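The values are calculated or read from the model by the stated rules, or taken from the named source; none is laboratory data. Every value quoted in this text rests on a predicted model; they were computed, and no experiment measured them. We place every Cβ from the backbone using ideal geometry, glycine too, and count neighbours over all the protein chains shown. Note: areas computed on protein heavy atoms with side chains; ligands, DNA, RNA excluded. Shrake-Rupley method; radii C 1.70, N 1.55, O 1.52, S 1.80 Å.
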Amino acid sequence: NSYVVGDRAGGRAVLIDAGGPIEPILEAIARFRLTVTHVLLTHHHGDHVAQLEHYLDRFSVPVLAHPLEAERVDGADGALVHGEVVESGDLRIECLHTPGHTDGMLAFLVNGAECFTGDTLFAGSVGGVRAPGSTSFADLRRSVMDVLMSLDPGVVIEPGHVGHSTIGVE
């Protein structure tokens, strides 16, 4: 439930979500000599934030989420809204508000090529709307069809759980 995204070996990186286990993420950060600049949260569910305290012990960086999610996460200290851009080295990360699974769900489009979709869109499936903070299936449908499916078909999706795909395949 976590990703480390770097611009190049020896460069800058962001953490997307803070689930576990953290060891493979920390190993990748060390192996590629990355400097972590931000933690970006797709949403507040425990499986996406469980290790946030451990990351913050290691990296003193801003933790950013949608305002509706930030208020639910201890350690979140900044808010991101739809269309806002976070830069880290050569990474340009556009925030896409994709409510449904939670009201403040964000997807992160990195350099126009990869989209970290949290629990909104999976390879071959979509997220549910029965978990804490969810809104409605209509919201989830709009988020998938109007926001994510409007991306270039070649954009790789990196979901919050298992498997990768592309917008075109989905």
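Mind listing just one residue for me: the one in region 1-25 that is acidic (Asp, Glu) and under 22 Å from Asp90 (Cβ atoms) and, of those, most open to solvent (accessible area, probe 1.4 Å)? Talk me through it step by step, then tell me what you get.
Just the residues of region 1-25 that are acidic (Asp, Glu), to begin with: 7, 17, 23.
Next, only the ones that are under 22 Å from Asp90 (Cβ atoms) stay: 7, 17.
Working: Asp7: 36, Asp17: 5 Å².
It comes out as Asp7.
Those residues that are open to solvent by 20 Å² or more (accessible area, probe 1.4 Å) and within 13 Å of Ser2 (Cβ to Cβ), I need them from region 26-41; list them, please.
First, pick out the residues of region 26-41 that are open to solvent by 20 Å² or more (accessible area, probe 1.4 Å): 26-27, 30-35, 37-38.
Passing the criteria: Leu26, Glu27.
Could you tell me whether Ala131 is open to solvent by less than 40 Å² (accessible area, probe 1.4 Å) and either of a type outside the set (D, E, K, R) or closer than 23 Å to Glu71 by Cα (or both)?
Numbers: open to solvent by less than 40 Å² (accessible area, probe 1.4 Å): yes; either of a type outside the set (D, E, K, R) or closer than 23 Å to Glu71 by Cα (or both): yes.
Here the answer is yes, as Ala131 does meet what is asked.
Which ones in region 83-99 are of a type outside the set (A, V, I, L, M) and in contact with a helix residue (DSSP H, G or I) (Cβ under 6 Å, 6 or more places away or on another chain)?
Kept after step one, since they are of a type outside the set (A, V, I, L, M), are these residues of region 83-99: 83-84, 87-90, 92, 94-95, 97-99.
Those that are of a type outside the set (A, V, I, L, M) and in contact with a helix residue (DSSP H, G or I) (Cβ under 6 Å, 6 or more places away or on another chain): Thr98, Pro99.
Could you pull out the residue among Gly89, Gly100 that is crowded, with 22+ Cβ neighbours inside 10 Å, more than 11 Å from Thr42 (Cα to Cα) and in contact with a Ser or Thr (Cβ under 9 Å, 6 or more places away or on another chain)?
Working: Gly89 fails: crowded, with 22+ Cβ neighbours inside 10 Å.
Selected residue: Gly100, the only one of Gly89, Gly100 that is crowded, with 22+ Cβ neighbours inside 10 Å, more than 11 Å from Thr42 (Cα to Cα) and in contact with a Ser or Thr (Cβ under 9 Å, 6 or more places away or on another chain).
Given the options Leu140, Leu121, name the one that is closer than 30 Å to Gly11 by Cβ and modelled with pLDDT of 95 or more. Spell out the reasoning first.
On the way: Leu140 fails: closer than 30 Å to Gly11 by Cβ.
None of the others qualify; the one that does is Leu121.
Considering Ile22, Ile93, which residue is more than 26 Å from Thr135 (Cβ to Cβ) and among the hydrophobic types (A, V, I, L, M, F, W, C)? Walk me through how you get there before you give the answer.
On the way: Ile93 fails: more than 26 Å from Thr135 (Cβ to Cβ).
Criteria check complete, one pass: Ile22.
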